[in-house]
Each structure stands twice: as C-alpha cells, then as structure tokens.
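Peer 1: Here it is: the structure, laid out below.
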Amino acid sequence: MSEINIYMPDMYECGFSPLKYKSQFDLWGMAALYQGICMYDESLNLRNRLAEYVLEKDGCLEVKLKNLLWHDGMPISAEDFIESFKLYFPNKKTGRIPNGIVSEIIGAEEYYNGNNELKGIEIVDNRIFRINHVAQNLYIKNLLVHPLIPRHTMGIEDNRYIGSGAYILKNYGENYAYFERNDGFCLGTPRIRKLNLYGGTKEEQIHLLEEKELTLTIIEPEDLKNISASLFENYYLFSLPQPITTVLKINPKSPMFMDLNMRMSVSQAIKRGLLVYTMFKDYAEATWSFYPPIIAEKYNCRTLYLDMGLKESMPERIVIGVLYNSSEHIKLAELLSEDLKAKTDVVIMPSASRREAFAKGADVYIENMMHTILPISNQLLYCNSELFIKSVHYKRLIEIEKSLYLQNSQALIREFAMECARSLPVIPIYSKHELQLVSKRVHNLKPDTRGALWNIHEIELD
C-alpha cells in the first residue's frame, strides 16, 4: 500500500468549494486541499498555521502570513485573505445578517448594505493585514480558521480548486479525486506521494475493506453489523465525537416558535437516551443543550434543558418534516412519533428541503447543525428570522454575547448557554460520533474531532 486510499460511501456533489460543498466526499477533498490561517489544536485552542504571527492590540488584529505558495506557484498574499473573507462575510445577496463576531468589524454594516469595500480590513503590505474592530473582542482571532482561497481563481467557472493544503488536486469526477503531495506544504512535505479519494455504494465499501485496499473510510453505526469480525484484524475502529448536533428546527409559523413552555414540553417528552441507543448503540450522545457534548463539556454547560420548572403545554399536533432520502432522519422521525404520540398527534412529512417542509406546514424539521468551537454562537440560529430578531430573547442573547467578547467567564458562558436553551427556537436531540475504520498498516495517523486529515502529512504506510 504505497498510496493513501480513502473511501466515502457518498458521491462528489457540489465541488471542493468551501462555499458550495454538500457531501462528505466534498468535505474530505477540501481537507486535503485547503487550510486556514489558524487551526485548532488537540485541546480545541487556536494555533497559527499560515501565519508567521498574529498580534492583538487596541481593537486591532494584525496578521503576518508566512512566505508560502499556492499549489499553482503563486504567492499567498494579504489580498487573498481579504477576498476570501468577503466570500464568507454576510451581505444582502446571501441573506445572512452581520451578527456575532463579524458585526464588531468596522464597516460590517456598510458592507452588508452594498459597499464594495470592508473598511475594517486593511492591507499593510503583501503579507501583512489588519482587522480593525470597534471594541475588545476575545474571539476575533477565530475568524482566521476559514479555508483560504486564492484570489486569482475566484470567478472562474471551471474552478481549478487550488489551495495550499498538504495535497494538490490532479484529477476528479463524480466518484473519484486524485491528489499528489504538496512538496511545499507549510508543516513539511507529506510522506506519502499520492492520495486517492473514492465515493460509491456501501456494498463496494465493504468489498474494498475485505480486500484490504482501503487506508481509511467512514462507516455508519448501523452498517457495522455487515462487517465480519475478522475484518477488525486489519482495521482499527475510531469513534470520534463531532461538533454537530441533530436538532428539530422550528417553523417560524408554528406556535412552538415563540412559546417556551410548548417547546420545553415537547423536548422533555422525548426519551433521548433510549432513542439514541436504539439508533446508534454507543456511537452517539443525547443532548439537551444548544451545544453538542464535545463543546458543552469544554465549557461546562451540558444538561441545560432539564430543570426549568415549566408547566406542560403540549401542542395538539406536531408535523415533523424530514429529508425524504435520509434513512437516519426518517428513523428518528419514527422514534419521535412513538415518544410523542401519547401526548399529541404526530404526522411525518417527507420533503426535499426545510424550506419546502415549512411552506407545506411542518412545525419542525430534522436537520444537522455544525458548530464553531466557541462558547459564543458565531451564527445564532434563526437570526435571519425577522420575528426572532425583534424578540426580547434575541436582544438578551446579544447582550450576553457582547459581554463574553470582553471576558472569558465560566459563569457568563453558562448564562449564555442557558439563554440559548430558553430562547432559541430549536430542540436538540443528539450528537452522533463519526466512525472511522483505519488500516493497521497506517502509522502516525491521529484521528480526533478535527478530522483524520489534519495531520495527513505525517502518516506512513507499511
């Protein structure tokens, strides 16, 4: 095995673009291609990656980039950061509202309203830029984790997917992507020359595992039963917590949207422990908190839905929207129906999207929500809802969040998490682990919550 062979029981869908990805296949390709100026370490604290230094002082974050090249040989510059950052920044075209950390940047509101320049970001020279913000903010540095995209490829229809990561994309199609190592990678030349990413069916995945042709793959808990015990003589199984929560997002037109008693009554009627064990055995964790367990434990704010002392107020009927081709979410909807049917009528509505489900009258929609590794909510749920933005709940959340910008207080973090639990029109259910099968011929791979590819440059093969 002289090449890294990764298999996703999934397909290439929308490309290796940080703005358009949809599938696991896309995500893993992006992990090989791109990197941010900073990244999280094993303790989920920020460390420099593409930065020579990051200085914070008096409402200004100054960054000097290392002298590095994109995969096509062009130098990585301060202008690349600014143009990449604009792609992620809220504006009227995307419909996202500039809240949270980004609202603190000078010129954020003007940029949102159509100004082409983001005044708060200035270029000092080719490798140095500054982010100027209106007040002290302990979390401003977290804006540097977004994948950097080369400015000279933006707007090109046949995107060449050029990055600065450990591997360079050479060829790709709907079920394959071939990479070769980036000899100029900032953390050192990868030890394995080629990386191949494949997608396809679960049946093909099992076949390739049995033939010992895979270096690494992801498998669903329910598919473990299809694997023979002898296969584990050749593969390690890693169960990795993820910063992802599966939730019931509530339709703004549903009576549950602004009714705390009703939301909590529904939430407390769900037997999460039994539900999670039925679906995943030990490969997921029930959660009552806005945060998934991996983040909730870091900030000591895990079981926040339990003791609110509210009077039961169940709706007469709940319509659960679910993606029509998601076997996991359909199973969850069926189990939720069993939990809730003693107290209310439940209808399951298969749909092509949350928008379609809400338009047809679904009260809630099952969806996976990915979090940033922050105690604050960088993108508060339903902040794009006019109804929620005008509420006293939203105003209180923003007040606490702004206090957190100034001090890393455990009490404030818990207060913010509790207010999220009280206020946000969403019901968390569980956080599923990612199961990775890794060949025993692999050395130095360190799977953790950041993903298996974070140290892909270090791995060696027998």
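The values are calculated or read from the model by the stated rules, or taken from the named source; none is laboratory data. Here the structure is a predicted model, which is why all the values come from computation and not from measurement. When we count neighbours, we look across all protein chains shown, and the Cβ atoms used for this are built from the backbone with ideal geometry, even at glycine.
Peer 1: Out of ILE427, ILE456, ILE413, which single residue is more than 30 Å from TYR7 (Cα to Cα), surrounded by 17 or more Cβ atoms within 10 Å (Cβ to Cβ), at pLDDT 75 or above and in contact with a strand residue (DSSP E or B) (Cβ under 8 Å, 6 or more places away or on another chain)?
Peer 2: Residue meeting the stated conditions: ILE427.
Peer 1: Go through segment 148-175 residue by residue and tally those that are part of a strand (DSSP E or B) and either loosely packed, with under 15 Cβ neighbours inside 10 Å or at pLDDT below 90 (or both).
Peer 2: Within segment 148-175, residues that are part of a strand (DSSP E or B) and either loosely packed, with under 15 Cβ neighbours inside 10 Å or at pLDDT below 90 (or both) number 4.
Peer 1: If I ask for residues that are surrounded by fewer than 21 Cβ atoms within 10 Å (Cβ to Cβ) and either modelled with pLDDT under 80 or on the phi > 0 side of the Ramachandran plot (or both), which ones from segment 100-111 would you list?
Peer 2: SER103, GLY107
Peer 1: So, one more: MET258 is checked against (1) hydrophobic (A, V, I, L, M, F, W, C); (2) in a strand (DSSP E or B); (3) assigned by TED's automatic domain parsing to the domain that holds PRO428 and fails just one. What number does that condition carry?
Peer 2: (2)
Peer 1: Restrict the check to segment 11-24 and report whether at least one residue is of a type in the set (D, E, K, R) and within 30 Å of LYS212 (Cβ to Cβ).
Peer 2: The first filter runs over segment 11-24 and keeps only residues of a type in the set (D, E, K, R), leaving 13, 20, 22.
Next, from what is left, pick out any that are within 30 Å of LYS212 (Cβ to Cβ): 13.
So far as segment 11-24 goes, yes, one or more of its residues are of a type in the set (D, E, K, R) and within 30 Å of LYS212 (Cβ to Cβ).
Peer 1: In the list GLU42, GLU83, which residue meets the criterion of being surrounded by fewer than 20 Cβ atoms within 10 Å (Cβ to Cβ), modelled with pLDDT of 85 or more and either among the charged types (D, E, K, R) or in contact with a Leu (Cβ under 7 Å, 6 or more places away or on another chain) (or both)?
Peer 2: Working: GLU42 fails: modelled with pLDDT of 85 or more.
That would be GLU83, the only listed residue that is surrounded by fewer than 20 Cβ atoms within 10 Å (Cβ to Cβ), modelled with pLDDT of 85 or more and either among the charged types (D, E, K, R) or in contact with a Leu (Cβ under 7 Å, 6 or more places away or on another chain) (or both).
Peer 1: Can LEU195 be described as surrounded by 15 or more Cβ atoms within 10 Å (Cβ to Cβ) and more than 19 Å from GLU460 (Cβ to Cβ)?
Peer 2: Spelling it out, it is not the case that LEU195 is surrounded by 15 or more Cβ atoms within 10 Å (Cβ to Cβ) and more than 19 Å from GLU460 (Cβ to Cβ).
Peer 1: Only residues in segment 289-309 that are over 19 Å from THR246 (Cβ atoms) count as the first member; pair them with residues that are surrounded by 14 or more Cβ atoms within 10 Å (Cβ to Cβ) and at pLDDT 75 or above, Cβ under 6 angstrom, at least 6 apart or cross-chain, and list the lot.
Peer 2: TYR299/ILE413; MET308/MET264
Peer 1: Among what's in segment 423-462 and is in a strand (DSSP E or B) and of a type in the set (Gly, Ala, Ser), pick the residue that is nearest to SER254 (Cα to Cα).
Peer 2: Looking at residues that are in a strand (DSSP E or B) and of a type in the set (Gly, Ala, Ser), I get SER431.
Peer 1: Oh, and also: If you go through segment 200-232 one residue at a time, how many are in contact with a helix residue (DSSP H, G or I) (Cβ under 7 Å, 6 or more places away or on another chain) and part of a helix (DSSP H, G or I)?
Peer 2: Summing the residues that are in contact with a helix residue (DSSP H, G or I) (Cβ under 7 Å, 6 or more places away or on another chain) and part of a helix (DSSP H, G or I) in segment 200-232 gives 8.
Peer 1: Considering each residue of segment 166-178, count those that are within 24 Å of the chain's Cα centre (by Cα) and within 20 Å of HIS457 (Cβ to Cβ), and give that number.
Peer 2: Total satisfying the criteria: 5.
Peer 1: I'd like the full set of residues that are in contact with a helix residue (DSSP H, G or I) (Cβ under 9 Å, 6 or more places away or on another chain) and not hydroxyl-bearing (Ser, Thr, Tyr), limited to segment 37-58.
Peer 2: Across segment 37-58, the qualifying residues are ILE37, CYS38, MET39, LEU44, LEU46, ASN48, ARG49, LEU50, ALA51, VAL54, GLU56.
Peer 1: Another one. With the condition kept exactly as written, say whether any residue in segment 150-163 is in contact with a Lys or Arg (Cβ under 9 Å, 6 or more places away or on another chain) and over 30 Å from ALA108 (Cβ atoms).
Peer 2: Among the residues of segment 150-163, not one is in contact with a Lys or Arg (Cβ under 9 Å, 6 or more places away or on another chain) and over 30 Å from ALA108 (Cβ atoms), which makes the answer no.
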